[in-house]
Each structure stands twice: as structure tokens, then as C-alpha cells.
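What follows is a set of notes on a single structure, which appears directly below.
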Amino acid sequence: MKQNHLFRIPSFVLLLLILISCEDFIEVEVPNNQLIQEVVFDSDDTAQSAMIGIYNQLFLAEFANGHFSSVTVLSGLSGDIIENHKNYPSRIQFEDHQLEPSNPENLYIWSSAYNVVYMTNSMLEGLLESKNLSPALKQQLEGEARFIRAFSYFYLANLYGDVPLLLTTDYNENRLASRDPVADVYLQIIEDLEISRELLSTDYRDGERTQVNTTAATALLARVHLYLENWEQAEALSTMIIETTMQYELLNDLDEVFLANSREAILQITPLGGGGYMTQTNEGFNFIIDPVIYFMAAFKLNNEFPEAFDKNDKRLLNWIGFHEGENAFFPYKYKIFTSNSFPITEYSMVLRLAEQYLIRAEARAKMGNLVGSIEDLDVIRDRAGLPLLAETDPGINQENLLDLIFEERRKELFAEWGHRWFDLKRSGRAEEVFGPEETWQSADLLYPIPEEERMKNPNLSQNPGY
């Protein structure tokens, strides 16, 4: 297995990354880095190193890294699957839907996502001004940077609704930016992903599935169109990926799905972004309740969640663990709790093929193609070892089929990138699930704009209910 030591970046590139990685960049003036930028974009090697720095940042940025303040954890808590195993006050707010604008974890999501946006804007500006890069590499790096910007804005839009749409590193333009309508943010996401698809190739630039290719851009775009209820586009895009059988496949062994460069992976994040000192994923470290140091466990699964599975479901058997002493179930998609050895065997999953089958199943069901939808859903069910719907209930109606699709999404994508929380929000099912809670109100569907950001920028309005 190929291992690239991505943390070995030239010192002047690190300087550039320091200059452009101020988390509160909307409010705090950044130093002039024009000279550094000229050096970085003077050659193919240094430009590629700068792009590697952005990939590394995805492992360091709180919203993306799978750690305590990530979308995977915090939006997982907002859903109905993951619970706090320790009473950590700021994270309890996410589980109880009682988020306060001063919540520090909420600030970490916002600021880290915008930090990545800023870095991609800096990359795109540097590429535009560069005269010395080879045309092919210039095109490739632009496609990668546009994807990562779109990826960051996807989560900002789904967590906060209207957000500032910042497409420059200009401090004067950014520091007092107001919120743009979420529809405009989505238009920019689509534009970036469409351009990314045109610029990138189907190959992975370094052979590792930790760098963006056109399939990754297509996969995220399929999800975007699903969320926007553009069913035909979602179906067409997911079909393109599903038919790429030479490069991707659903793996029969569920314990192989989350391995580094698995054939189910469309995009992953390597732990090498953290410097290579620890080589486990943050998801493995966060979610596994270790047999020895179980007292460190911060999260667990809702006890009712494992009961929803058929007893023969491979996802129950392979992806859910149980610690008898703590009397707690836990996500067990990643098997390594802690490691500092090489080669690295697990990467954090960002996009994978199974989601594309579920996207197409939902889009087809919405368009009335129930037979095609059942076929896609049965691919997922068959891999899980479940009876095929085409045999057990071929005449299922549209409403019940959609319910089953969302249930399969719940079981397939749990503990991954807040999928369950976003599914409840976009489908209107959140009220049904959380309505009985005394603390629930519809305003909880959006997180608050962080108080610290609004103190620095008076043009940032607040979401209703906060």
C-alpha cells in the first residue's frame, strides 16, 4: 500500500499556511503574503506542496477531522443515534438541542470551515496569477481547490443556512461581510463542483484516494442535487459513479470498507495530516470504547439503535461494538483505537459508493420509478445480508419505500458526517422524531451563528430562535 508522508512540506510553504490559517479571518486582518505566494506558485513542486497543505488541513480542521468538534460528532449528537457517554457541557447542548450562541464547539465548526475556505481562495488566487506552472497541473489544482471550497460551504450551508459567501482573501471585503441567501451559496457550490468535474481526471493524482478526482466532485454534486430535490440530476450523476465499475465496488466484507484506499472509497482523509505521530483515524479514537481504557469513552450509541437492525444484518454484526462493563454500544466502523505504526491501514471516509446507491434509490422513488429504486435499495440490503425487497414486498408504495430508504440510510451511514441529522432536516422528519422533546423547537434545525463572530462583525445576523 502506497504511503505518502504528506507532512513533509517545505518551510516556506508552512509559512504560507501559517499566514493564511487565521481561524477568525473574517474579522482579523491577515498579513500581506504576496511575496510568499509568488514563491509558492513559482514551480509545480511548490504549488503541489501547498495543495497538500490544504489536504492536511482537512485532518486538522475541527469541522472535518472526525474529532470531538467535528460535523461527524456534533451533528451526530444532534441526530437520534449518537449520545454523550460523558457529561461534557458544550456537547450536551448539541444532543439536547439547546445550543447557545456562545458554545465553543459551534464556533470551532464555523471558524475551521471558513479557515479552509480562506486557504482555497488563496490557492485559487495564486493559481490565477501564476505564470510558471504547467497548464495541466494548474488545471488539476484549480479543480481540487474548487471542490474543497464547495465541500466546506456545503456543511456551512446545511448547518447555518444563510452564510457569508466569501470568494476572495481581501480583508476589507471579508471582515464585515453579511450573510448571503443559502440559495446563492448552493449556486456557488454547484458552479465550483461543475468546474471541478471539468478540470479533474478520473485518476487520483498520487494514486491515493485522499486527493480529489472528478468522481469525488460528481459524488458531492449528486448529493447537492438530492438535497435540492433536483431528482433527475441526482439520478444521472449517481449513475455515472455506479457504472464506474473498474474503479469502485461495494465490498462484501464490511470490515474492509473503511480501510485505506478501499475500492468503496471515493474520497478519504489520511491521518498523516496530523504530522504522522499518531496514525489512527480520529473516528476510531473517538468512538471505540477500548477494553482497557474504557473510562476515556466520550460517546456511545443510543440503546434503541442496535435494536432496529435485523439480527442477521451484517452492519449490526460488523459495525456496532458493545462494551459489557460500560453497558454501551458504540460505532465500530473503524477498528483501530490508537496507533503510531506504518503503513496506515485506515483512512477517514468522506465519500463512498454506498451513498450513491442510496441517492439514486431516493431520486428514482421520488420520480415514480419504484422498480429502479427497489433495485438500488436491494444492492445495499443484499450486501448487508438482508432479504431482497423485490422478493418480499415488490408492490411497496412510494411513501413506504421512501420511509425504508431513509431507514436504510440511517443504518448504512450512521456515525458518518452527520448524515442522519441532515436527512431528518431535509425530509421534514425532525419534528416527528424530536417533537416530543420538551426542549425541541423548529428553530433548532439550524445552529446559531457563533456569538464571537457576531461581536466582531455587526453585519452578521442571527438565526431565529437564538
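Annotations for the structure displayed:
- Boolean, TYR357 is closer than 23 Å to ILE82 by Cα, hydroxyl-bearing (Ser, Thr, Tyr) and in contact (Cβ under 8 Å) with a residue 40 or more places away in the chain: no
- Candidate set: the stretch 228-253, residues that are surrounded by fewer than 19 Cβ atoms within 10 Å (Cβ to Cβ) and in contact with a Lys or Arg (Cβ under 6 Å, 6 or more places away or on another chain); chosen: the one farthest from TYR334 (Cα to Cα): GLU249
- Hits in the stretch 93-133 (condition: touching a Ser or Thr at 6+ places or on another chain (Cβ under 7 Å), surrounded by fewer than 21 Cβ atoms within 10 Å (Cβ to Cβ) and not in a helix (DSSP H, G or I)): HIS97, GLN98, ASN132
- Scanning the stretch 62-76 turns up no residue that is more than 28 Å from LEU267 (Cα to Cα) and outside any helix (DSSP H, G or I).
- Looking across the stretch 325-368 at every residue that is among the basic types (Lys, Arg) and assigned to a loop (DSSP other than H, G, I, E, B), the one that is surrounded by the most Cβ atoms within 10 Å (Cβ to Cβ) is identified as LYS333.
- Among the residues of the stretch 432-463, those that are within 30 Å of PHE406 (Cβ to Cβ) and surrounded by fewer than 19 Cβ atoms within 10 Å (Cβ to Cβ) comprise GLU432, VAL433, GLY435, PRO436, GLU437, GLU438, THR439, TRP440, GLN441, SER442, ALA443, ASN463.
- Residue in the stretch 148-170 that is among the hydroxyl-bearing types (Ser, Thr, Tyr), over 21 Å from the mean Cα position of the chain (by Cα) and surrounded by fewer than 24 Cβ atoms within 10 Å (Cβ to Cβ) present: yes
- Between SER111, SER122, SER90, the distinction of being touching an Asp or Glu at 6+ places or on another chain (Cβ under 8 Å) and touching a residue at least 40 places away in the same chain (Cβ under 8 Å) belongs to SER111 only.
- Pick from the stretch 424-440, criterion free of Cβ contacts under 8 Å to residues at least 40 places away in the same chain and not basic (Lys, Arg), ranking: farthest from LEU388 (Cα to Cα): GLU438
- Flag if ALA157 is free of Cβ contacts under 8 Å to residues at least 12 places away in the same chain, at negative phi and of a type in the set (A, V, I, L, M): no
- Residue match in the stretch 228-238 (condition: at pLDDT 95 or above, within 26 Å of TYR153 (Cβ to Cβ) and in contact with a strand residue (DSSP E or B) (Cβ under 9 Å, 6 or more places away or on another chain)): no
- Candidates GLU23, GLU27, GLU62, GLU95, filtered to the one that is at pLDDT 90 or above and either among the aliphatic types (A, V, I, L, M) or more than 18 Å from the chain's Cα centre (by Cα) (or both): GLU95
The values are calculated or read from the model by the stated rules, or taken from the named source; none is laboratory data. On a predicted model such as this, the values are computed, not experimentally measured, just so you know. So basically every Cβ, Gly included, is an ideal-geometry build from the backbone, and we count neighbours across all protein chains shown.
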